[in-house]
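Participant: Structure provided below as C-alpha cells; questions to follow.
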Amino acid sequence: MAESREMLAIREIAHALLVADRPSDVQQFALDRVTPLLGASFSMVMMRSEDGELLRPVAQHEWPAKHRSWIGALRVRVSDGPSGLAVAERRLVEIPDLFADPSLEAWYEVASELGFRSILAAPLSTADGVSGAVAFYFADATQLTDAQRALVQVVAEQLATASDKARGVDALRRSNAALAEANAEFDAQTDARRVADQAYDDVVALVLAELRRLTGASAGGDAAARLLAVHALAAAAQELHQIQRHALPLTLEELDPREPLRDAVARWRTRAPMVPVHVEEPTVVLPTVRTDRRWMGRLLELVIGVGVIGAMRPSGSVRAGLLQEGGFLTLDLRWPAASAGEQELGATEQLSRDALRIIQDAPHSALPDPYQALRGGASALDLPLGRALARLLGGELQLEMVNAPSEASGAEIACRIIFPIDVDRPDPSR
C-alpha cells in the first residue's frame, strides 16, 4: 500500500510538472504530497542565488508557525549544513541523529529551536549543474529505508527538471521579447526610412517642377531674375536634403531670440523696402534659447521672406512679434492672404499642402510688376525647409488661415514658430 501511495505521488508530481506555469507550484505541490509520506515534520526547497554562493528558501511545508516570519530572510551558504553540503557535493545527505554528530554542533541551537533531530537533503541536479536542494526534517532520530531515499531522489530530480524547465521558458520569453522589440525597432526604422524616402521624392519632384516652370518658354521675368530664382531653389533643396539625411551640423549656444529676428528683418527691409515689416518685441527680458545661431537666422529669414513675397501688393505689410507664454517662445508672423483663391481654402491641412500658392499665386497685374525682381528671392521649398529647420532646432512651424483684426482687411496667413524654453534658466545678461 505504501508503494502505491509513493507511486501515486510521483505520478501526481510529474503531472504537475507538465501543467504548472511556475516551478514554485511544482515545488509546493511536491512538498505537500511527499512530506507526510516520509513522516517528516516539515520540509523546504532552497534554490541557489544568482551568484551561486547562497541558498534561499522558495517553498516550505508545515514550517514551525512561530518561525515562519523569518523564512524569507533565511540564507544558507553552499557547503554549510546538510542542504549546503548536498548542493556542494551533489549527493544525498542523510543525518539520522544530528545531535549525535559533533561536526554539526553549530546546528544544535537551530535544531532545538525548530524542533528537529534528523534531516534528509537531496540536491536538485541536472546535466547543467545543481540548482538547489530539497530537505525533509524529522522530529526524532530517524533511519530511512531505501524506498524512502529512492522516493526523495526521484522527487529531487522532478524538482530539478521543473527549475530547468522554468529557466528554459524564461530564456525563451526573454528571447521572444527581445525579438519583438527588435522587430518593432526594425518596423519603426523601415517606416522612418519610407517617410524620408517619400519626402526626398517629393522634394525632387517639386524641384523639377519648379525648374521646368522657371526655365520654360512661358516663364515671366528676365533671365537674371529667373537665374536668381533657380539659385534660391537649388540652395533650399540642398539644405533640405542635408536635413532629411541628418547631415546638417549644429553648433549650439545660448542666444537672445531677438538678435536673429532683427537680422532677418533687416535683410528683407534691404531687399524689399516697399513691403514694410513691423516687429513687436516684448518690453520684458526674454529668456535665452539654446540653439544654432546660423540656422535659427536662416529659419527666420525663410519665413519672413515667405511673408514678404505674400504681401507684395499696394499697402501690403508683414507683422512679426515675439511672445513668451509659459514654457514656450513663439514667433508670430502675419501677412494678408495673397489671393481670393487662398481665402477659399478654409482648412489648415489644405493650406499646408498648397502653401506654395503663397508665393506662386501672388497677385499679377497687366501693368508692370514693381515686385518682379523680388519674386526670385523665395523659392517653392522655403516653407518645407522652414518646417524641417524648426523641427531640427527643437521647435514647430504652424501655418494657418486666420481672420484679420479688421473685417475690411480680409483673411491673413499666420505663420508661428514655437520653441520650448527653460523659463527657470537665469538670463546671462543680468
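The values are calculated or read from the model by the stated rules, or taken from the named source; none is laboratory data. The shown structure was predicted, so the numbers you read here are calculated from the model rather than taken from an experiment. Cβ atoms come from the backbone with ideal geometry, glycine included; neighbour counts cover every protein chain shown.
Participant: Could you count how many residues in segment 131-157 are touching a Ser or Thr at 6+ places or on another chain (Cβ under 8 Å), over 16 Å from Arg90 (Cα atoms) and either polar (S, T, N, Q) or not assigned by TED's automatic domain parsing to the domain that holds Ala86 (or both)?
Facilitator: Total meeting the criteria: 1.
Participant: I need every pair where a residue in segment 82-109 that is within 26 Å of Val154 (Cβ to Cβ) has its Cβ under 6 Å from the Cβ of a residue that is loosely packed, with under 15 Cβ neighbours inside 10 Å and basic (Lys, Arg), sequence separation at least 6 or different chains.
Facilitator: Gly84/Arg77
Participant: Considering segment 95-130 alone, what residues qualify as being touching an Asp or Glu at 6+ places or on another chain (Cβ under 7 Å) and either not assigned by TED's automatic domain parsing to the domain that holds Arg149 or not in a loop (DSSP other than H, G, I, E, B) (or both)?
Facilitator: Across segment 95-130, the qualifying residues are Ile95, Ser118, Leu120, Thr126.
Participant: Is it true that some residue in segment 131-151 is under 53 Å from the mean Cα position of the chain (by Cα), in a helix (DSSP H, G or I) and more than 20 Å from Arg68 (Cβ to Cβ)?
Facilitator: yes
Participant: OK, next. Looking at Thr251, Thr283, Thr291, Thr270, which one is surrounded by 14 or more Cβ atoms within 10 Å (Cβ to Cβ) and of a type in the set (Ser, Thr, Tyr)?
Facilitator: Thr291
Participant: Also, quick follow-up: Name the residues in segment 303-338 that are closer than 13 Å to Val265 by Cβ and either outside the structural domain of Ile413 (by TED's automatic domain parsing) or surrounded by fewer than 21 Cβ atoms within 10 Å (Cβ to Cβ) (or both), would you?
Facilitator: Once the filter is applied, which keeps residues that are closer than 13 Å to Val265 by Cβ and either outside the structural domain of Ile413 (by TED's automatic domain parsing) or surrounded by fewer than 21 Cβ atoms within 10 Å (Cβ to Cβ) (or both), segment 303-338 yields Ser317, Arg319, Gly321, Leu322.
Participant: Can you tell me which of (1) more than 30 Å from Leu120 (Cβ to Cβ); (2) in the same structural domain as Val134 (by TED's automatic domain parsing) is the one Ala184 doesn't meet?
Facilitator: Failing condition for Ala184: (2).
Participant: Restrict the check to segment 185-194 and report whether at least one residue is in a helix (DSSP H, G or I) and modelled with pLDDT under 80.
Facilitator: Checked segment 185-194: at least one residue is in a helix (DSSP H, G or I) and modelled with pLDDT under 80.
Participant: Just the residues that are assigned to a helix (DSSP H, G or I) and surrounded by 20 or more Cβ atoms within 10 Å (Cβ to Cβ), please, taken from segment 57-83.
Facilitator: Hits for segment 57-83 are Gly81, Pro82, Ser83.
Participant: Starting from segment 32-56, keep only residues that are without any contact (Cβ under 8 Å) to a residue 40 or more places away in the chain and surrounded by fewer than 19 Cβ atoms within 10 Å (Cβ to Cβ), then list their pairs with residues that are among the β-branched types (Val, Ile, Thr) and part of a loop (DSSP other than H, G, I, E, B) whose Cβ atoms are within a distance under 8 Å, requiring at least 6 positions of separation or different chains.
Facilitator: What qualifies is Gly52/Val78; Glu53/Val78; Leu54/Val78.
Participant: What tally of residues in segment 311-322 results from selecting those that are under 36 Å from the mean Cα position of the chain (by Cα) and modelled with pLDDT under 85?
Facilitator: The total comes to 0.
Participant: Also, I was wondering about something else. Checking Ala160 against (1) within 23 Å of the chain's Cα centre (by Cα); (2) closer than 30 Å to Arg90 by Cβ; (3) not aromatic (Phe, Trp, Tyr): exactly one of these is not met. Which one?
Facilitator: The number of the failed condition is (1).
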